[in-house]
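K.L.:
My structure is below; once you've seen it, I'll send some questions.
Read-outs: derived from the displayed coordinates by stated rules, not from any lab. Note that the structure is predicted; figures quoted are calculated from it, not measured. As a convention, Cβ positions derive from the backbone with ideal geometry for all residues, glycine included, and neighbour counts pool all protein chains shown.
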Amino acid sequence: METSAIKFPENVLIIDVYFLNTLIADMEKYYKEKLQRPIENVNIPYLLDYLMLDMGVRGKENKCLVIWVYDAYSEKLALANPNDIAIDLNGKGFDDNIGYFEMIGAPCKDLVTRKDLALNILELTKESKEIKRLGVLPEVSSYDEEVHVKLSEMKDKGTYTFVLDPAKYAQTESSKAESALFPILAGMGIQGNEL
């Protein structure tokens, strides 16, 4: 497939759904006990807004693409409604105060792992002149460092790796590591003053 045939918007976010689900489940368990209250379902637009804001997206007329990378173990988002990637999110979009979000589900099939698929998608974005900001939420401890290295090689766009401990990653002016935790907490309706 020629990458020149693929048109990307200025803002692209690649999310490993399995890892996102792991974080959501762990955080829901921890904060439900800590705050002594039920935790809200994840508000998908809020979650995506906060991730995009951390990527430096500002204004109201932005075009954003979210690519949900998932496998047979992560076909649904944890604690979210709607939650089925293939049925509820793939090919869907929404407008909000940041701009228009388009969502695509990228399922792993047969011998392709989430890691391989995410890295292949990352390669497709590498040559894109349209992309100004590219973010990835990879599975930490599996391929997060590989993603961060590949993103740091992309000097022509702002790149962001969403991880648990941003301080352990080398950062440059164009390549940043950001915490995945705060956008997820915001998406779950947990306020900063509750932490």
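K.L.:
For the stretch 50-138, what relative contact order do you get, as a whole percent, if you take Cα pairs closer than 8 Å and at least 6 residues apart? Let's see the in-between values first.
P.N.:
Numbers: 104 pairs, mean separation 29.0, N = 89.
Relative CO of the stretch 50-138 lands at 33 percent.
K.L.:
For the stretch 79-185, which trypsin sites (Lys or Arg not before Pro) pass both filters: DSSP loop (anything but H, G, I, E, B) and at most 11 other C-beta atoms within 10 Å?
P.N.:
When the trypsin sites (Lys or Arg not before Pro) of the stretch 79-185 are filtered for loop state and at most 11 Cβ neighbours within 10 Å, K109, K129, K155 remain.
K.L.:
Quick one: of K32/K168; K129/K150; K34/K176, which pairs are farther than 21 Å apart, Cα to Cα?
P.N.:
K32/K168; K34/K176
K.L.:
Can you give the log10 of the normalised intensity I(q)/I(0) at q = 0.10, 0.17 Å⁻¹, computed with Debye over equal Cα scatterers of the stretch 76-186?
P.N.:
-0.33, -1.01
K.L.:
Provide, for q = 0.11, 0.24 Å⁻¹, the log10 of I(q)/I(0) from a solvent-free Debye sum over equal Cα point scatterers in the stretch 42-136.
P.N.:
-0.34, -1.40
K.L.:
Restricting to Cα pairs below 8 Å that are 6+ residues apart, what does the relative contact order work out to for the chain? Please round to a whole percent.
P.N.:
Details: 348 pairs, mean separation 54.1, N = 195.
Answer for the chain is 28 percent.
K.L.:
For a quick check of your reading of the filter: which GluC sites (Glu not before Pro) in the stretch 106-145 sit in a DSSP loop and have no more than 15 other Cβ atoms within 10 Å?
P.N.:
When the GluC sites (Glu not before Pro) of the stretch 106-145 are filtered for loop state and at most 15 Cβ neighbours within 10 Å, E127, E130 remain.
K.L.:
Would you mind working out the magnitude of the charge dipole of the chain relative to its Cα centre, with +1 at each Lys and Arg C-beta and -1 at each Asp and Glu C-beta, to the nearest 20 Debye? Please list the in-between numbers first.
P.N.:
Numbers: 22 positive and 32 negative charges, 60 e Å.
In total the dipole reaches around 280 debye.
K.L.:
If you don't mind, another one. Going from the alpha-carbon gyration tensor of the stretch 3-190, what semi-axes, largest first and in whole Å, does one get by taking the root of 5 times each eigenvalue?
P.N.:
On the way: eigenvalues 114, 66, 63 Å².
Working through the eigenvalues yields semi-axes of 24, 18, 18 Å.
K.L.:
Measure nothing but the geometry: give the 0 to 90° angle between the long axis through the Cα atoms of 17-35 and the longest principal axis through the Cα atoms of the chain, rounded to 10°.
P.N.:
Rounded to the nearest ten degrees, it is 30.
K.L.:
Identify, among N193, L122, L77, the residue whose Cα sits farthest towards the positive end of the charge dipole of the chain, taking +1 on the Cβ of Lys and Arg and -1 on the Cβ of Asp and Glu, with the dipole about the Cα centre.
P.N.:
N193
K.L.:
Find how many whole Å separate the alpha carbon centroid of the stretch 128-195 from the alpha carbon centroid of the stretch 22-74.
P.N.:
13
K.L.:
While we're on this one: Residue by residue, what Karplus-based ³J(HN,Hα) values in Hz, rounded to whole numbers, does the stretch 65-74 have, using 6.51, -1.76 and 1.60 with θ = phi - 60° and x for Gly and Pro?
P.N.:
Coupling constants for the stretch 65-74: 10, 10, 10, 8, 8, 9, 10, 4, 8, 9 Hz.
K.L.:
Right, another one. Going down the table (K92/K115; K7/K132; K76/K132), which pairs top 19 Å between alpha carbons?
P.N.:
K92/K115; K76/K132
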